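For reference, the structure discussed in these notes is given below.
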Amino acid sequence: MFTNTRAVSDLSDIIVEYTDPIEGFKGWLVIDSMIHRLAAGGLRVQQGLTCECVRRLAATMTLKMRIARIRADGAKSGIDYDPASPGKQEALFRFMRAIKPYMQERYSMGPDLNTTMPELDAVCRRLGLSSIKNAVAKSQQLDDDAFCQRTALLAAPLGPATLGRMRSGAGVAASCLATLEFLGIPPQEATATIQGFGGLASGAAYFLHKAGVRIIGLADQEKGLFSINGTPLNIPALLVAQEGGKKGIIPRTENSAAEYADNKKIYDIPCDIFVPAAIEKAVDKEAAQHIQTKAIASGANLAVTEEAEQILHERAIPVVPDMVAGCGGSLSMEGLYGPEALPSAEDVLAHIDRKTRQIVKTMLERSQQENISPREAALRLCAEAPLYPDARPYGPL
């Protein structure tokens, strides 16, 4: 079947532009850098998506790899399509068929906005690929059995979901906990608010609650749920209720210690750490001027605007940038495919937690010592990362 794709390459990246032959929508795959064997990043389905947005997201993925010292480059893909459309699965199939050669050789795909690993893997099977991570097997030099054993761990049950679904949220939670430690706030005394209740946000909520942090506010695209008199929200009950409802939406449950209200109230709740884990530009100039928090961990890509970050830095509110708070998914791949022996799901989680905390501590200390923003400190750490073009992406050199 005819598909219209256009590939442009230069020394730094590859851009594949797709035009759907049936519905006419656009899609893009961007490989930000060609230094290493592997490039990794998620696929999103988003109405109004642009090539420029995909390029920025791919560049952020490269920064995640550099600061995590993973020997891979960043990539991103997506289609400009309504995620609620009944044609979504077939649209994904046609787009992924067009970029299949890259998935076989270099591009390690993951789920992103409005996609899940099971639905993407279902498309892969139709395409004759065993996994959206097929390129990892080649770059990591894993035989079929070893690759399949490790990849299968992503479906291992973990808390309310699976390792594959919880891994990114674990990274966000670890970045929050490391920031609280830097500020001298014990988890059991800390409060948090979270914007979002999709896979990333609910995973962060689960791990923060497990660590003893009191979550006192949540917001989704429709509404907010806020504590009354500082009583923490019942996160386990909300996660259980969510399984039977609409994904990404806070379920309505009976709780006399909490109230539902306008989702914009999330910016007005005093807390120790605020986690924007849903949309881009969630914290803009206006929000940055009045938000009542001691720190922010940007779980979602591009969640805090540059202007907002500068205002927050002037207010002495540290912002863990998306390239750090959002690198749990990348670190999970290192924890999964890097060890010589087959790890457990708990081993992968421990790797995410340990390495995220180390990165955040190093970044915040450098920010303080050099009187620069955490993002600038992170960018300097990225620039100092050694590059190993011929090495395996994960594990010892």
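The values are calculated or read from the model by the stated rules, or taken from the named source; none is laboratory data. The shown structure was predicted, so the numbers you read here are calculated from the model rather than taken from an experiment. Here the Cβ is made from the backbone with ideal geometry for all residues, glycine too, and neighbour counts use every protein chain on show. SASA here: full protein model, heavy atoms, side chains in, ligands and nucleic acids out. Shrake-Rupley method; radii C 1.70, N 1.55, O 1.52, S 1.80 Å.
Quick notes on this structure:
- Range of Cα positions in the chain per principal axis (Å), largest first: 59, 47, 40
- Portion, in percent, of the accessible area of the stretch 99-221 that falls on carbon or sulfur, probe 1.4 Å: 52 percent
- Under 5 Å from the amide H of Arg44 lie the amide H atoms of Ser77, Gly78, Ile79, each residue being 5 or more positions distant or on a separate chain, with H modelled from the backbone and absent for Pro and chain starts.
- Surface composition of the stretch 257-397: carbon and sulfur atoms hold 50% of the protein heavy-atom accessible area at a 1.4 Å probe.
- Solvent-accessible area of Phe147 with every protein chain in place, 1.4 Å probe, in Å² to the nearest 10: 10 Å²
- Cα gyration tensor shape of the stretch 190-280, rounded if a/c is under 1.5, else prolate or oblate by comparing a/b with b/c: rounded
- Packing-based ranking, highest mean first, of 247-259, 210-222 given that Cβ atoms within 10 Å are counted: 210-222, 247-259
- For the stretch 1-155, the gyration tensor built on C-alpha atoms gives an oblate shape. Its axis ratio a/c (a ≥ b ≥ c) is at least 1.5, and a/b is not larger than b/c.
- Three-way shape call for the stretch 279-397 based on the alpha-carbon gyration tensor, with the a/c threshold at 1.5: prolate
- Bridgeable aspartates and glutamates around Lys26 (alpha carbons under 18 Å apart, same-chain partners fewer than 8 residues away excluded): Glu17, Glu52, Asp80, Asp82, Glu90, Asp112.
- Average accessible area per residue (Å²) across the chain - probe 1.4 Å, nucleic acids and ligands excluded: 41 Å²
- DSSP bridge orientation in the stretch 100-228 - percent antiparallel, rounded to nearest 5: 50 percent
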